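These notes are about the structure you will find just below.
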């Protein structure tokens, strides 16, 4: 019996030792886990402090993580306000189209360096989701009654001129959106949405401004709906083209060709003009694809005119952005379309705005020559005096020169008259076509005819026409 008692005591002792061992193990594991999370917290805290003290641009992912932790902390400690800014370079695509990646990076680094020079202590600058954007975090230690003044200072620094490639000076403007936590959102997604809305409203009015988010902006539902609807409009086939006739200024005023002009056939808002949505198309990245739709629609129209109405040899001008010319995929797409429709060579003219900006870009020149090899004509717009243009017209094998209305209406200036006449004489000597746009009166038409401008388009000739009305116009002629 004594032996059983001793055996029982031994088992109890072993059990107690086991429980102590388990308890100690659990305690050690708990301490390790606790130490791990404490260490993790301290590391994050250290990283956040380093971000706040650093002059470097942080990654978008790192910036977002910092903000999420900041919001979580502030929700526990009293919601002290902080401000976010979204800075967007206006017309950034012109930089992309004109310069290579290295030069583009230099410009953006220059901009970010000057932005940082205007920031208060403990602010953080981050790369945005797009290469032409920056996010800025302004801490609660800054006097938020001075946010707008700070934004003006940041804008001024961001817009400093950049000199690149031996004396090429780049002038730029920026748009700035501002939102404050928790006034404009109590979580990060709402704050980002507020910034997006405020930036959209700035861009809608031409950019180059500062906009603080307000609830009134969010209530501009029509504009915001357009922004989101545009992304699906291409897939639904809502983008169409109207065609403005181009006629000869001599003799019988025969129809030479057409200019394809983009419209959005919106299912609820009716026919929208380019000024109502092109800036949105640029923001959403849909502009190039929409432009490519125009080329195929023009080829379909030429096919129908020939097969159904026995109308042949009309030239259709399509507006193509320099960015599309720089994109190697554009050539492949156009080649496929030409092979598909088998249109006679020379019936499509690619009309390029801001042509002279790309005169030093070798990729632009090479791709333009490739487009010529497919049978496209090349047309350029002239809106100001540029004496280098004559050489460029020959080197790039330009077929058509188009005068804007503002250009040929400047004849009161003696130097301009000389330049105007020089272009006309050059075009005739080199067998280039001249087209005057925006002709509105009989007097303008006659004057252009007398000066030797070959072709004219504008409301005096005809407004842009739907395909149905165009057929009626052409068959009547």
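Each reported figure results from applying straightforward, stated rules to the coordinates on display, with no laboratory input. This structure is a prediction, so every number in the text was calculated from the model and none was measured. Using ideal geometry, Cβ is built from the backbone for each residue, glycine included, and neighbour counts are taken over all protein chains shown.
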Can you show me the helix-derived [θ] at 222 nm for the chain, built from DSSP H runs with n ≥ 4 at -39,500 (n - 2.57) apiece and divided by the number of residues, rounded to the nearest 500.
-16500 deg cm²/dmol
What is the P(r) of the chain, as percent of Cα-Cα pairs per 20 Å bin from 0?
19, 41, 24, 9, 4, 2, 0
Given just the C-alpha atoms of segment 237-321, how large is their convex hull per residue in cubic angstrom?
121
In degrees between 0 and 90, to the nearest 10, how far off the longest principal axis of the chain does helix 442-451 point, with axes built from Cα atoms?
80
Work out how much length residue 341 to residue 20 would gain on full extension: take 0.36 nm times their residue separation and subtract the Cα-Cα distance, in nm to one decimal.
107.0 nm
How large is log10 I(q)/I(0) at q = 0.12, 0.18, 0.28 Å⁻¹ when the Debye formula is applied to the Cα atoms of segment 341-407, each weighted equally and without solvent?
-0.31, -0.68, -1.37
Cα-only Rg/Rh for segment 237-476 with Kirkwood Rh rounds to 0.95
Counting every C-alpha pair in segment 47-219, the percent lying more than 24 Å apart is 34
For the residue pair residue 100 and residue 273, what label-to-label distance in nm results when each label sits 7 Å from Cα along the Cα-to-beta-carbon direction?
4.2
Do you know the relative contact order of the chain, to the nearest whole percent, from alpha carbon pairs under 8 angstrom that are 6+ apart?
11
Does anyone have the angle between helix 188-204 and the longest principal axis of the chain? Alpha-carbon axes, 0 to 90°, nearest 10?
20
Once you have the Cα-Cα distance between residue 238 and residue 476, take 0.36 nm times their residue separation minus that, and quote the gain in nm to one decimal.
82.8 nm
Distance (nanometres) between label positions extended 7 Å along Cα→Cβ at residue 254 and residue 169
5.1
